[in-house]
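To start, the structure itself, in structure tokens.
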Amino acid sequence: MTSDTTPSGAPQRRWQAACPNCGATVEFASAASASAVCSYCRSSLLREGDALRKIGLSAELIEDYSPLQIGASGRYAGAPFTVVGRQQIAYAEGSWNEWHVLFDGGAAGPRSGWLAEDNGSYVMAFEAPLSEAAPKAQELILDRILQLAGQRWTVAAVTLCHLSAAQGELPRPPVLGAERQYLVAELRGPGNEVGSLDFSPSLQASSAAPIWSLGRAIRLDAMAMQGLREEASSNKDLKSRSLECPSCGAALTPSLSSTKSIVCGQCHAVVDISQGAGADLEHYAQNNGMEPQLRLGSTGMLQTETGQAISWQVVGYQERCDLPESSEDEQTFWREYLLYNKIEGFALLVDTEEGWSLVRPLTGAPVSSRGERIDWGGKSYKKRWTYQAKVTYVLGEFYWQVSREQRALVSDYEGQGEARQMLLSREQTDNEVVWSLGRKLDAAVVARAFKLAPERAAALGRDASSLSDGGGLLRKIVIAVFILLVLVLLLRACSRDDCQAYKDSYGEASAEYQQCRRSGARISSGGGSYGGSSGGSYGGYSSGGGGHK
């Protein structure tokens with residue numbers, strides 16, 4: 001093995017050796033790296049002193065068109081780093097990337113980190129030792145509270161996965177193959193951190209402790225990244241990613257690198273593209289829904305939590321409803337628009353009968369989630385209701401895998417005092433808990449942001465929470481009369497079909513009536529097994545991946 005040298009003869013931090021399988025040059029940026037994958041023949045190579053030994057063969061990476069690539073560089077907490085490797089980890093609903101980054105540690109030597117995907121954004125994580133015994137895999141139960149690394153954590157996801165492919169330089173030899181499955185548990189903390197317990201088979205002994213890592217959310221632009229895939233090249237790749245709809249044969253052309261599910265624009269089939277273009281495309285048909293009030297592809301300027309107004313593009317749309325426990329409970333319908341900004345990542349613009357809100361997933365989670373009141377970010381929130389919800393219709397693209405009638409147990413919390421315009425939402429599926437933070441918006445703000453014509457803007461106002469800003473006595477009287485009218489209509493509808501009240505109140509073409517018809521009779525679609533009262537949603541991420549997905 002040889003090392004590069006400068007003109008003065010001083011060695012640089014880069015080592016080279018010939019691949020024992022194909023003879024190509026394999027480079028190491030760190031003397032501490034134990035393994036690499038040859039970029040030519042994909043051989044997994046173990047470093048033994050000055051020699052390399054082939055220990056396996058990596059599968060081909062699923063081309064996901066990530067903006068990251070090996071050789072890209074940036075800064076985190078003032079320290080420069082370079083992307084030197086990648087692991088692609090597969091699970092039942094798709095796959096995610098973990099990028100191995102190497103920091104220049106100065107006299108202390110290089111330091112490894114992991115830049116991982118998290119709910120459509122990124123987390124920078126570092127491995128660290130634990131001063132106490134780590135929990136066993138069988139002790140990791142969804143939503144359980146753990147005391148670990150000096151603080152309390154909530155178990156947010158427990159994922160059975162395997163390492164499907166690897167690339168570049170890695171701190172440990174990769175153990176590849178679907179037969180080598182292992183658990184990754186993701187923990188969320190009250191300080192907006194995400195922790196990970198990785199029971200990887202790369203650990204030499206089955207009794208070895210899991211790998212513990214701690215991370216925080218980070219935006220790509222905040223890291224001053226250089227050497228990313230060129231935008232023009234990325235756009236070209238995405239356009240060439242055109243797939244054929246397995247239902248009708250129409251072309252499917254994803255516009256986002258992170259898309260895992262896409263809806264055919266011709267037949268409205270929902271297609272899973274998480275396994276790449278070469279895989280069989282799983283899909284399902286769906287009934288037609290309503291035309292979104294905010295059209296797919298349209299853009300609008302909305303403020304983030306920092307107060308900065310940025311441009312968001314509508315890339316996805318879904319209609320959801322709650323599942324009442326009995327026929328006496330009213331069923332509620334709402335709409336959610338998936339927004340994208342290349343710097344900020346993803347957000348949801350939620351339209352309910354109580355108003356609009358802009359919602360984003362949290363990296364962390366409130367720990368005390370079982371009480372009626374919880375604290376987050378120094379502010380208090382009170383639980384309003386808990387209910388089971390399902391998705392009835394989708395359009396566009398999603399960074400998570402969309403399945404038929406996806407269901408989640410939802411708990412909504414409303415901010416108290418100075419936080420009264422803020423909302424918290426907790427969504428639990430079979431294998432994940434996701435917390436989201438939202439901010440109420442007036443319908444007029446949404447209309448101006450997306451430059452809607454007056455007749456279209458007027459349609460948004462019906463769902464706005466008109467009492468939230470004390471908008472005057474006359475408006476309150478009008479709303480009171482409207483509510484009274486709805487109650488009268490509901491009483492009259494008792495002897496008719498379950499959706500008649502929505503037809504009378506909103507019209508036969510309304511989203512409420514059509515969604516009710518699609519979701520079936522309220523008695524048959526209700527009976528939620530989780531208990532709790534029903535109510536409108538603040539929105540959330542019912543099936544967006546866990547801490548690294």
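A short reminder: the numbers here are calculations on the coordinates, not readings from a lab. As the structure is a computational prediction, the values presented were derived from the model and not from experiment. Don't worry about glycine lacking a Cβ; one is built from the backbone with ideal geometry, like all the others, and counts go over all protein chains shown.
Grab the Cα-Cα distance for ASP375 and CYS22, subtract it from 0.36 nm times how many residues apart they are, and report the gain in nm with one decimal.
Length gained, ASP375 through CYS22: 121.3 nm.
Long-range amide H contacts for GLU244: which residues qualify at under 5 Å (H placed 1.01 Å from N, peptide plane, sequence gap of 5 or more or a different chain)?
It is LEU252, by chain and number.
Please list, ordered by chain and number, the residues whose modelled amide H lies under 5 Å from the amide H of GLN167; skip anything fewer than 5 residues away on the same chain.
Sorted by chain and number, the residues that satisfy this are ARG86.
Which whole-Hz couplings ³J(HN,Hα) result when phi for each residue of segment 185-201 is put into the Karplus expression 6.51 cos²θ - 1.76 cosθ + 1.60, θ = phi - 60°, listed in order with x for Gly and Pro?
Karplus values, whole Hz, x for Gly and Pro: 9, 10, 10, 10, x, x, x, 6, 9, 10, x, 9, 10, 10, 8, 4, x.
Under the rule of at least 5 residues apart or a separate chain, name every residue whose amide H is placed under 5 Å from the amide H of THR392.
GLU319, ARG320, CYS321
Treat each spin label as a single point 7 Å out from the Cα along the C-beta direction, and report the ALA209 to THR299 distance in nm.
4.9 nm
Given a Förster distance of 22 Å, report the FRET efficiency between GLN138 and ASP430 from their Cβ-Cβ distance, rounded to the nearest 0.05.
Efficiency, rounded to the nearest 0.05: 0.80.
Largest first and in whole Å, what are the equivalent-ellipsoid semi-axes of segment 267-357 based on the Cα gyration tensor, each being the root of 5 times an eigenvalue?
So the three semi-axes of segment 267-357 are 25, 24, 12 Å.
I want to check the label-to-label distance for ARG219 and LYS54. Put each point 7 Å from Cα in the C-beta direction and report it in nm to one decimal.
4.6 nm
For segment 375-446 and segment 133-188, compute the distance between their C-alpha centroids and round to whole Å.
When both Cα centres are located, 26 Å separates them.
What ranking do HIS268, HIS283 get, fewest neighbouring Cβ atoms within 10 angstrom at the top? Show your work: numbers first, answer last.
Details: HIS268 18, HIS283 21.
With the sparsest Cβ surroundings first, the list reads HIS268, HIS283.
Among the listed pairs LYS136/LYS382; LYS382/LYS451; LYS260/LYS451; LYS260/LYS379; LYS342/LYS379, give every one whose C-alpha distance is greater than 32 Å.
Details: LYS136/LYS382 34 Å; LYS382/LYS451 34 Å; LYS260/LYS451 30 Å; LYS260/LYS379 35 Å; LYS342/LYS379 29 Å.
Where the Cα-Cα span goes over 32 Å, the pairs concerned are LYS136/LYS382; LYS382/LYS451; LYS260/LYS379.
For GLU418 and ALA178 in one chain, what is 0.36 nm times their gap in residues minus the Cα-Cα distance, to one decimal in nm? Spell out each step's value before the answer.
Values: separation 240, 0.36 × 240 = 86.40 nm, distance 5.06 nm.
Difference between extended and current length: 81.3 nm.
So, in nm, how far is label TYR284 from label LYS342 when the simple model puts each one 7 Å beyond its Cα toward the Cβ?
About 3.4 nm, to one decimal.
I need the phi-derived Karplus couplings for segment 423-434: 6.51 cos²θ - 1.76 cosθ + 1.60, θ = phi - 60°, integer Hz, Gly and Pro marked x.
After applying 6.51 cos²θ - 1.76 cosθ + 1.60, I find 9, 10, 9, 10, 10, 10, 10, 4, 10, 7, 10, 10 Hz.
Subtract the Cα-Cα distance of LEU160 and SER403 from 0.36 nm times their separation in residues, and report this length gain in nm to one decimal.
85.6 nm
For segment 212-225, what does the Karplus curve 6.51 cos²θ - 1.76 cosθ + 1.60, with θ = phi - 60°, yield as ³J(HN,Hα) per residue in whole Hz, taken in order and with x for Gly and Pro?
9, 9, 10, x, 9, 5, 8, 8, 4, 5, 5, 9, 6, 5
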